[in-house]
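Below is one structure, written out as structure tokens, with a few remarks after it.
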Amino acid sequence: MSSEQLYREHILDHYKHPRNFGELHPHDLEAFEHNPLCGDELGVHIRVADGRIADLRFHGNGCAISQAAASIASEELIGMKLEEAAALSAEWMIELLGIPISPARRKCALLALKTVRGAITGDASWPNGQGEI
Amino acid sequence: MTATLPHPLAVGEIKADFPIFSRQPQPFVYLDSAATAQKPRVVLEAIGEHLATTNANVHRGLYPLARAADEAFERARAQIAAFTGADPRGTVFTKNATEAINLIAYAWGRAEVGAGDAVLISELEHHANLVPWQQLCREKGAELRYLKVDGEGTLSLQQLERELERGRVKVVSVAHVSNVLGTINPVAEIAQLAHQAGAIAVVDGAQAVPQLPVDVAAIGADFYVWTGHKAVGPTGIGVLHGRVELLEEMDPFLTGGDMIARVGFQETTWNEPPYRFEAGTPPIAEAVGLAAAVQYLQGIGMERIRAHEQALGAYLLARLREVPGLTVFGPADPAARAGLASFTIDGIHPHDIAELVGGEGVCIRAGHHCAQPLMARLGVPATARASLSLYNDEADIDALITALHKTVEVFSR
């Protein structure tokens, strides 16, 4: 697969027109994470109702992969049970993106999920280092 | 420049000296030499030949092969020192430029910098010339001060004078060439001003030695460091040129074998420089490889390499400006900068730029280039960077520009 296909339309669409982007006030949970490799920055605000993510907004800036991943994930995360969201795997995120992710870009792809995990559990680290390169 | 400008390089012939250009899948356009340079065949052969014919440990053996290894290692030291106009007795081999600066910050800095003293660096430093000083200052209660970078990416000698007049500056440490902006700093003047104020001068020459004729004695810094792999030599070897009298007063950085004069059960006396600073088995084959590298560069001539890269750098700047939404950082005058350019494109993250042009066979770097304070100063999270070497030509830059236009087009869909 060429790298041009990597930037195919749905990724670029989510990058240029991110869904659920901005801030959410008031909110119940929040977290901020960055990816020192790219300089990607991502924050999340989450409103909780009945143990579920009632609403969610991402905010930040970075490369197309990190920002599109946040946008795409946001559509799945709203309505999800908190414990379910906290348990989502790296592979769930990669599959959702639907493009091959090179080891160098894995941290970009997983930044959104890491931020959500941090907001819910207070610990953004991944079991078995699966979010690491 | 006058009409005596050296002839441009025969890039086709030079490319043929570097095996990677015929062994990588085509197209292969390498514009990341500021990260690491490709290696000419003579370097690979020198390392292979040394290991095949002359391999023994140095400084201990009494048999003929060990003497031959000793001679090869010290001959390499003399050749490398001659390349940069330095004294071989003050030429220490390290792992890389980073370790060389750590050596200075530990062996000199821990003894000479105290509470209330100041270390003066600049905003354009690579982390290698920043974090070791930051650690020293935190440990000693000293102050880390910065020379500012102006909008053109240059440092001000007036600000340097003002900072030195404030007093307590023990060391001024700056890059000869910025790895992000390409700025060539006036290091001889900086060293002179530092000395007038009673400070020592340290120069990080990692980006300068591969690109410019460098005369360490003429620059007059107390320490000048660089690294082999950016100067078409192997990885695993860095060079520290130190003033011999200063090295003689210093305690070692790392301790162990080879750097001692005499070891007793409780105390040890140190060997002479440069050996005092080369604990353990040194990078022997790497030194032989680096000597071959500097001889290769000398054979072409550093004046000619600089003229080539300056002309090509001017072409790179001019062509980058054709790309819509593109901003180049650093000095506008090609004579004031080395052959590299950092840039951003509106609405496209540098990592996306590098990945997309990479798909076209064009190798450039993107990120903070180990210079996060400078990125903060420039107000960007990262930049893309194309860097040149003696084996690049206009066609390489044309390929980059075509790939950048395509990148802009992908993002504008």
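The values are calculated or read from the model by the stated rules, or taken from the named source; none is laboratory data. Bear in mind that the values here come from a model prediction, so they are computed numbers and not experimental data. With ideal geometry, Cβ positions are generated from the backbone for all residues, glycine too; neighbour counts draw on all protein chains shown.
Here are some notes:
- Test: residue in segment A:67-79 that is in contact with a Ser or Thr (Cβ under 6 Å, 6 or more places away or on another chain), farther than 20 Å from A:Arg8 by Cα and not aromatic (Phe, Trp, Tyr): no
- Of the numbered criteria (1) touching a Ser or Thr at 6+ places or on another chain (Cβ under 6 Å); (2) away from chain A (no Cβ under 11 Å), the one B:Thr383 fails is (2).
- Test: A:His25 is within 14 Å of chain B (Cβ to nearest Cβ) and surrounded by fewer than 19 Cβ atoms within 10 Å (Cβ to Cβ): no
- Odd one out for B:Asn392 among (1) outside any helix (DSSP H, G or I); (2) of a type in the set (S, T, N, Q); (3) within 14 Å of chain A (Cβ to nearest Cβ); (4) closer than 22 Å to B:Gln26 by Cα: (3)
- Scanning segment B:21-40 for residues that are surrounded by 14 or more Cβ atoms within 10 Å (Cβ to Cβ) and outside any loop (DSSP other than H, G, I, E, B) yields a count of 4.
- Among the residues making up segment B:58-81, those that are crowded, with 16+ Cβ neighbours inside 10 Å and not charged (D, E, K, R) are B:Val58, B:His59, B:Ala66, B:Ala68, B:Ala69, B:Ala72, B:Phe73, B:Ala76, B:Gln79, B:Ile80, B:Ala81.
- Sole residue being over 22 Å from B:Glu74 (Cα atoms), small (Gly, Ala, Ser) and at pLDDT 95 or above, chosen from B:Ala191, B:Ala217: B:Ala191
- Whether a residue is surrounded by fewer than 24 Cβ atoms within 10 Å (Cβ to Cβ) and under 30 Å from B:Ala395 (Cβ atoms) was assessed, and B:Leu290 does not pass this test.
- Within segment B:332-387, if we keep just the residues that are touching a residue at least 12 places away in the same chain (Cβ under 8 Å), in a helix (DSSP H, G or I) and of a type outside the set (A, V, I, L, M), the residue that is farthest from B:Pro213 (Cα to Cα) turns out to be B:Asp352.
- Elements of type helices (runs of 4 or more DSSP H) in segment B:73-169, at least 2 residues being touching a residue at least 40 places away in the same chain (Cβ under 8 Å) and under 22 Å from the mean Cα position of the chain (by Cα): B:97-103
- Options A:Ala90, A:Ala69; residue that is closer than 22 Å to B:His351 by Cβ and more than 14 Å from chain B (Cβ to nearest Cβ): A:Ala90
- Failed criterion for B:Val131 (all others in (1) closer than 30 Å to B:His195 by Cβ; (2) buried (at least 22 other Cβ atoms within 10 Å of the Cβ) hold): (2)
- A residue that is part of a loop (DSSP other than H, G, I, E, B), within 14 Å of chain B (Cβ to nearest Cβ) and charged (D, E, K, R) can be found somewhere in segment A:5-13.
- Across segment B:366-378, the qualifying residues are those that are surrounded by fewer than 19 Cβ atoms within 10 Å (Cβ to Cβ) and more than 12 Å from chain A (Cβ to nearest Cβ), and the one among them that is farthest from B:Leu130 (Cα to Cα) is B:Arg377.
- Taken together, the residues in segment B:55-67 that are touching a residue at least 40 places away in the same chain (Cβ under 8 Å) and either touching a Pro at 6+ places or on another chain (Cβ under 8 Å) or hydroxyl-bearing (Ser, Thr, Tyr) (or both) amount to 1.
- Of all residues in segment A:29-47, those that are away from every other protein chain (no Cβ under 13 Å) and surrounded by fewer than 16 Cβ atoms within 10 Å (Cβ to Cβ) total 2.
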